[in-house]
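Following: one structure in structure tokens, then a few remarks.
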Amino acid sequence: MAALSMAVIITATSCLVNENDAQQRNFRLMSFVDGDATTGLYGIFDDGTTVYISNNSEIPAVPAEYYHKGEARALIDYEVESFKMPGYDHTLRINGYECIRTSDIYNNLDEHIPADYAEGLEIYEMIFARNNITLNFHYRTSNFSDKIAAHDFILVHNKNADHAGPFQDAYQEDGFLYLELYHDTKDDLEQYDNLVKRNFKFDTNLLGINIYDYRGIKIIHKTLNDRQNRVVTLTEFK
């Protein structure tokens, strides 16, 4: 993946068990599930298959702030075990993981968003699975860690009939659900390239819509260099 090879600052938490392990590794998105006393911690891949973690007691605990509605999104570094635990589709040994912060999609456009969240970014990768929209994107920051942490990203379903706001002209009547991606620098200087992963949960109850009533998903954002509106197709449902 491009995200793993670029020489940039990673803002998500990285929790490696053995970063000097020379064995060939597999990398894949997974959701940790905070199970009950019977199941304990387990995982779900984006295709819905379940994962038993053989070395659960050895890996660092997922920080509580990454859990959202019982799940914590992560990019895992793993090996497939030779045995299969009954009741699970896969048994894995996890060498390490990079936590991905998750938040809900905003339902409607708050008044403060257009003024404060108009900064640019460039999307590298977009994935939709199990009502998760996981984005990999590039932006610029100063070299101070506290400033980097202050950057904020929100995804908005602008349900106004006229789609009023900075992206109003980007909408088309093409059957897609349009979502607006905003970036707030919190007055940070744009000096250094940075790469970040963010996950946004599509909650039907909160948004009041069914995603599969649409042809697919498109995301609008401001470009990094010239702050122009750009529309990218996340997915098209067949």
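Brief remarks on what is shown
- Hey, residue 180 assigned to a strand (DSSP E or B) and in the same structural domain as residue 122 (by TED's automatic domain parsing) or not: yes
- Near pairs, Cβ below 8 angstrom, 6+ apart or cross-chain, from segment 98-117 (under 20 Å from residue 227 (Cβ atoms) and in contact (Cβ under 8 Å) with a residue 12 or more places away in the chain) to any residue that is in a loop (DSSP other than H, G, I, E, B) and of a type in the set (Gly, Ala, Ser): 109/164; 109/165; 113/165; 114/165
- Across segment 136-155, not a single residue is classified as at pLDDT 95 or above, among the hydroxyl-bearing types (Ser, Thr, Tyr) and either in the same structural domain as residue 73 (by TED's automatic domain parsing) or part of a strand (DSSP E or B) (or both).
- Pairing each residue of segment 32-45 that is acidic (Asp, Glu) with any residue that is loosely packed, with under 13 Cβ neighbours inside 10 Å, provided the two are 6+ apart or on different chains, yields C-beta distances under 8 Å for 34/70.
- Screening residue 88 against (1) of a type outside the set (D, E, K, R); (2) touching a Phe, Trp or Tyr at 6+ places or on another chain (Cβ under 8 Å); (3) crowded, with 19+ Cβ neighbours inside 10 Å; (4) not in a strand (DSSP E or B) leaves a single unmet condition, (3).
- Considering (1) closer than 16 Å to residue 182 by Cα; (2) assigned to a strand (DSSP E or B); (3) not aliphatic (A, V, I, L, M), the lone condition that residue 110 does not fulfil carries the number (2).
The values are calculated or read from the model by the stated rules, or taken from the named source; none is laboratory data. Remember, predicted model here, so these are calculated numbers, not experimental data. FYI the Cβ positions are ideal-geometry reconstructions off the backbone, even for glycines, and counts take in every protein chain you see.
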